[in-house]
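Enquirer: My structure is below; once you've seen it, I'll send some questions.
The values are calculated or read from the model by the stated rules, or taken from the named source; none is laboratory data. No experiment lies behind these values; they were computed from the predicted model shown. Counting neighbours? That spans all protein chains shown, and the Cβs are built from the backbone with ideal geometry, glycine included.
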């Protein structure tokens, strides 16, 4: 089993797929509000090498999944500048503002 934080770190894309594909909602029915916890700006120096990239790989994969989910939700909701249907709020924080604590 894979945790939702790994497979669907940002579930808005899945919600849009379910709303359109399973529930049959149309653009008139679908508005998406997506609330994220925080997002850290990722800075990888050009001379970081493999080890430096490896240290940032988890954050890169999680942000990549989130960006893909946003794109999916925007496409499936029919979002446009003139007809906004997808709204995401996720504060960006400085690197090192929060630390993960792993309990074993």
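Enquirer: May I ask you to list the residues in segment 22-74 that are over 15 Å from residue 91 (Cα atoms), touching a helix residue (DSSP H, G or I) at 6+ places or on another chain (Cβ under 7 Å), surrounded by 11 or more Cβ atoms within 10 Å (Cβ to Cβ) and modelled with pLDDT under 80?
Expert: Within segment 22-74, 44 is the sole residue that qualifies.
Enquirer: Could you check segment 40-96 and list, in sequence order, the residues that are under 13 Å from the mean Cα position of the chain (by Cα), in a helix (DSSP H, G or I) and closer than 30 Å to residue 28 by Cβ?
Expert: Of everything in segment 40-96, those that are under 13 Å from the mean Cα position of the chain (by Cα), in a helix (DSSP H, G or I) and closer than 30 Å to residue 28 by Cβ turn out to be 65, 66, 67, 68, 69, 70, 71, 72, 73, 74.
Enquirer: Check segment 8-21 and report whether any residue there is modelled with pLDDT under 80, within 20 Å of the chain's Cα centre (by Cα) and not in a strand (DSSP E or B). It would help to see each step written out before you state the result.
Expert: Taking segment 8-21 first, the residues modelled with pLDDT under 80 are 8.
From the residues that got through so far, the ones that are within 20 Å of the chain's Cα centre (by Cα) too are 8.
Subsequent filtering for residues that are not in a strand (DSSP E or B) retains 8.
Checking segment 8-21: at least one residue is modelled with pLDDT under 80, within 20 Å of the chain's Cα centre (by Cα) and not in a strand (DSSP E or B).
Enquirer: Go through segment 25-39 and give me each residue that's part of a loop (DSSP other than H, G, I, E, B) and within 20 Å of residue 83 (Cα to Cα). Lay out the reasoning, then the answer.
Expert: Here is the first cut: in segment 25-39, the residues part of a loop (DSSP other than H, G, I, E, B) are 25-31, 36-38.
Matches in segment 25-39: 25, 26, 27, 28, 29, 30, 31.
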